[in-house]
Amino acid sequence: MTQSTVVAAIVFVACAAGVSRLQPGLALTAHDVKERQDVFALPPPAELHVATLGWDAAAVDVLWSELLVDYGTHWAEKRAFDDTPRYADAILELEPTYPPLYQFISTMLVYRPPQGTEADARLARKYLERGTRERPQDGDVWLAYGEFIAFVAPSFLHDPAESEVWRKDGATAIGHAVELGANPERALTAATMLNRAGSPEAAIPFLERAYAFTDQPGMGEVHESIGRRLATLQATRMRSQADATAQSIDARWQSELPFLPRDQYLMVGPSIDPARCAGLSSVDDPACERRWPVVEPP
């Protein structure tokens, strides 16, 4: 063995010993630094197209994978994770219609470590609303949007009245998702929520369309369930119209001809102004209607 070989071996051993001695401490320091503050190394979204050199789709896949890993790592280490919007903005800058983002962005925002906030819920809704604009014919995106603002987001809001508005908006979005091909059973959920929110009238069109969509082989049970719910709402609407119409007639009876018995007043019909309602020009005048109008409930 020559002297140069011996020197090389001694240097190699010394270097290896130095690495083994310093590496654990450096790794611990790096870990501690990451725990204190994450470093987000991506450029602003507007510059991403230049940075990817045209490989936008590949960059989006890498960013999405990195987001999933970072999100899971922070949960495992019980560390706060605030970079989801940065990743989301970068992904949407490169591919505004990226489906996985719209499916999971709400979960990543409101169920982030350590805890989501009302601001996170509002931000999640903005991302999902953008998804309905970027993918207007995607029933899955509309369903994710509707279910989030109907079931999840209200628990993060502090104003009960606003929570009810969000639930109603969510039910409407779920109904639209059914129209775009989502599970027709979701129409029953939307109808129930709209009915509870005091808007049964809005639920009927969704159920009517869902009833038509499910009139095919293999969907008989769902078709019948939707039909029963639709019949119930329609019957309720008819009773409400009848009650509202009766109340309107009774009010006019007391103000116009209270000395007549009610059944005779009904036979006489609504009072009109003879001068105003004379001639053919009054045919389309609502004030000259000779029949009792049907009054919609408030």
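No value in this document is a laboratory result; all are computed from the given coordinates. This is a predicted model, so every value here is computed, not measured. Cβ: placed from backbone, ideal geometry, glycine included. Neighbour counts: every protein chain shown.
Just a few scattered comments:
- The string of couplings for region 102-119 from the Karplus curve (6.51, -1.76, 1.60, θ = phi - 60°) is 6, 6, 10, 4, 5, 5, 5, 8, 8, 10, 8, x, x, 6, x, 10, 4, 4 Hz, one whole number per residue in order, with x for Gly and Pro.
- With θ taken as phi - 60° and the Karplus curve 6.51 cos²θ - 1.76 cosθ + 1.60 applied, the whole-hertz 3J(HN,Hα) list for region 134-145 is 6, 10, x, 9, 8, x, 5, 5, 5, 5, 4, 5 Hz, x standing for glycine and proline.
- Mean Cβ count within 10 Å, highest first, over the residues of peptides 48-54, 225-231: 225-231, 48-54
- Per-residue 3J(HN,Hα) values for region 42-58, derived from phi via the Karplus relation 6.51 cos²θ - 1.76 cosθ + 1.60 with θ = phi - 60°, read 6, x, x, x, 4, 8, 5, 4, 6, 5, 7, 6, x, 8, 5, 4, 5 Hz in sequence order (x marks Gly and Pro).
- Computed label-point distance, nm, for sites GLN115 and LEU42 using a 7 Å Cα→Cβ extension: 2.8 nm
- Between amide H atoms placed 1.01 Å from N, distances below 5 Å from TRP292 occur with no residue 5 or more places distant or on a separate chain.
- For the pair ARG291 and ALA278, the difference between a 0.36 nm per residue extended length and the Cα-Cα distance amounts to 3.1 nm.
- Expected-Rg normalisation [2.2 N^0.38 Å, Cα atoms] applied to region 139-298: 1.44
- Cβ-Cβ distance of GLU221 and ASP56, R₀ of 35 Å, FRET efficiency by 1/(1 + (r/R0)^6): the value works out to about 0.20.
- Packing around the peptides 263-270, 131-138, 176-183, taken as the average count of other Cβ atoms within 10 Å per residue, puts them in this order, highest first: 176-183, 131-138, 263-270.
- Here the extension length gained between SER163 and LYS78 equals 27.6 nm, from 0.36 nm per residue of separation less the Cα-Cα distance.
- Proxy reagent accessibility, fewest Cβ within 10 Å first, across VAL222, VAL141: VAL222, VAL141
- Normalised convex hull volume, region 188-261, alpha-carbon set, Å³ per residue: 99 Å³
- Taking 10 °C and 1.306 mPa s as conditions, region 81-226 diffuses translationally at an estimated 100 µm²/s according to Stokes-Einstein applied to its Kirkwood radius (Cα pairs).
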